[in-house]
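Below is one structure, written out as structure tokens; comments come after it.
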Amino acid sequence: MASLQLHRVVKRYGTTAVVHGIDLEVKDGEFVVFVGPSGCGKSTLLRMIAGLESVTEGDLLIDGTRVNDVSAAQRGLAMVFQSYALYPHMTVYQNLAFGLENLGAPRAEVDAKVKAAAKLLKLEALLERRPTQLSGGQRQRVAIGRAIVRDPTIFLFDEPLSNLDAELRVQMRAEITALHKRLGTTMIYVTHDQVEAMTMAHRIAVLRSGNVEQFGTPLELYNRPVNRFVAGFIGSPQMNFLNARIVGASDAGLRVLLDAAPTGESQPPLPIDGSAKTQQRVMLGIRPEHVAIGPTSGPALALTATIERVEQLGAASFLYCALGGGERLTVHAPGQVAFESGTQIKVSLPVAETHVFDTDESENAFRRR
Ligand SMILES: Nc1ncnc2c1ncn2[C@@H]1O[C@H](COP(=O)(O)OP(=O)(O)O)[C@@H](O)[C@H]1O
Ligand SMILES: [Mg+2]
């Protein structure tokens with residue numbers, strides 16, 4: 001078990017910086033997920049932590065000790081990759097034992113550790129098989145087992161489930177979460193999949209272009225995204241973003257007028273702080289699951305939308321709508337709905353669920369009350 005600290009960690013390849021001074025602290029025993037789009041620097045960051053890439057600038061601390069110059073082997077971490085990289089000519093047992101044998105561990109100790117890991121991962125019946133005789137999920141479990149036998153202080157996972165089909169991913173997600181509960185070891189898990197991040201992490205670091213945009217619990221990110229990027233990245237379908245302008249700010253909250261709403265209609269204030277310059281242009285955010293069809297009991301912004309496409313999932317329905325002025329609105333309605341394409345509907349945007357973002361480059365969120 002170990003904690004991890006990053007102080008202004010920079011990675012440059014030649015003159016190109018791909019990680020721009022990241023500060024991050026992972027607590028002992030925590031499950032932290034790095035999530036972000038492809039190419040944002042997740043693997044680079046993880047490989048620097050593992051010791052597989054040098055740190056260009058800044059400090060990397062494990063349990064308070066600077067490890068920038070400590071070799072990968074001596075950091076006491078174990079990494080699991082997307083490609084399992086199992087030895088095809090070896091049995092599961094041999095694959096699990098190989099690393100320890102290489103380190104010169106006594107045979108009895110190797111055997112005990114391999115058997116304990118196999119038990120934990122339900123691989124006991126498969127120990128004499130070769131990788132080609134295993135399913136994708138079983139192979140991934142062997143890869144995790146190889147990390148477990150090394151008894152690392154921190155587990156590092158780089159997109160370990162990306163090669164598995166959807167059903168297996170859900171199952172392995174649960175297995176890795178359960179494994180973390182049993183072992184209690186610090187885990188850092190990289191994925192581009194926000195659902196994996198939301199379901200597995202204690203805390204999520206959202207990365208974009210080599211920067212951490214936000215570091216928080218899944219629900220902090222969902223409820224209080226700090227900017228439009230995080231708001232759009234977390235949640236599926238994506239949060240709706242609607243053009244608006246501020247028409248007033250007071251103790252009652254922020255008053256905005258949506259471009260897509262009929263002018264003059266009186267709209268309730270949003271429970272959002274803003275030292276608003278009147279007429280300032282903003283982006284109003286609302287998640288598809290918060291848009292109500294018809295009126296709601298609480299205060300809400302009202303809009304008329306034209307349904308363009310309906311997706312029926314059985315348990316829920318997605319309505320893809322057009323608003324005036326070419327804007328779009330996605331509605332996630334619970335259950336089944338009986339709307340035809342082309343139908344006009346009234347929708348309500350409950351003010352308690354709205355977000356407001358700057359339209360400048362920062363796209364920062366206004367503070368929600
Ligand atoms: N060895 C390298 N040399 C130059 N650029 C690299 C190298 N490795 C990665 N990069 C660049 O660093 C950025 C981050 O890559 P990576 O960490 O692999 O992203 P992610 O894992 O988030 O998809 C990318 O733009 C990638 O092209
Ligand atoms: Mg990667």
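Couple of notes before you dig in:
- With respect to the conditions (1) within 19 Å of residue 176 (Cβ to Cβ); (2) free of Cβ contacts under 8 Å to residues at least 40 places away in the same chain; (3) not hydroxyl-bearing (Ser, Thr, Tyr), residue 27 falls short on a single one, namely (2).
- Output for segment 142-167, where each listed residue is within 16 Å of ligand 2 (Cβ to nearest atom) and of a type in the set (D, E, K, R): 158, 159
- Count of residues meeting criterion [acidic (Asp, Glu) and farther than 17 Å from residue 151 by Cα] in segment 87-103: 0
- Residue within segment 172-194 that is within 21 Å of residue 355 (Cα to Cα) and of a type outside the set (Lys, Arg) present: yes
- Positions within segment 75-128 being out of contact with any strand residue (DSSP E or B) (no Cβ under 7 Å at 6 or more places or on another chain), buried (at least 16 other Cβ atoms within 10 Å of the Cβ) and basic (Lys, Arg), in sequence order: 113, 115
- Qualifying residue in segment 295-316 (condition: in contact with a His (Cβ under 8 Å, 6 or more places away or on another chain) and within 21 Å of residue 328 (Cα to Cα)): yes
- Figure legend. Inter-residue proximity from segment 168-188: first residues farther than 15 Å from residue 154 by Cα, second residues buried (at least 20 other Cβ atoms within 10 Å of the Cβ) and modelled with pLDDT of 95 or more, beta-carbon distance below 7 Å, spacing 6+ or different chains. Indicated pairs: 173/196; 173/200.
- Screening residue 220 on (1) among the acidic types (Asp, Glu); (2) within 16 Å of ligand 2 (Cβ to nearest atom); (3) surrounded by fewer than 21 Cβ atoms within 10 Å (Cβ to Cβ) shows it passes everything except condition (2).
- Residue ID - nearest to ligand 2 (Cβ to nearest atom), chosen from residues in segment 7-46 that are among the hydrophobic types (A, V, I, L, M, F, W, C) and more than 19 Å from the chain's Cα centre (by Cα): 18
- Exactly one residue among 339, 357, 318 is among the aromatic types (Phe, Trp, Tyr) and assigned to a loop (DSSP other than H, G, I, E, B), and that residue is 339.
- Residues that are in contact (Cβ under 8 Å) with a residue 40 or more places away in the chain and part of a helix (DSSP H, G or I) were ranked within segment 231-246; the one that is farthest from ligand 1 (Cβ to nearest atom) is 231.
- Considering residues of segment 48-73 that are without any contact (Cβ under 8 Å) to a residue 40 or more places away in the chain and either within 16 Å of ligand 2 (Cβ to nearest atom) or closer than 26 Å to residue 218 by Cα (or both) only, the residue surrounded by the most Cβ atoms within 10 Å (Cβ to Cβ): 48
- Pick from segment 166-217, criterion within 16 Å of ligand 1 (Cβ to nearest atom) and among the β-branched types (Val, Ile, Thr), ranking: surrounded by the fewest Cβ atoms within 10 Å (Cβ to Cβ): 212
- The residues of segment 168-215 that are part of a strand (DSSP E or B), more than 16 Å from ligand 2 (Cβ to nearest atom) and of a type in the set (D, E, K, R), listed by number, are 203, 213.
The values are calculated or read from the model by the stated rules, or taken from the named source; none is laboratory data. All figures in this text were calculated on a predicted structure; none of them were measured in a lab. In this analysis, Cβ positions are derived from the backbone assuming ideal geometry, glycine residues included, and neighbour counts consider all displayed protein chains.
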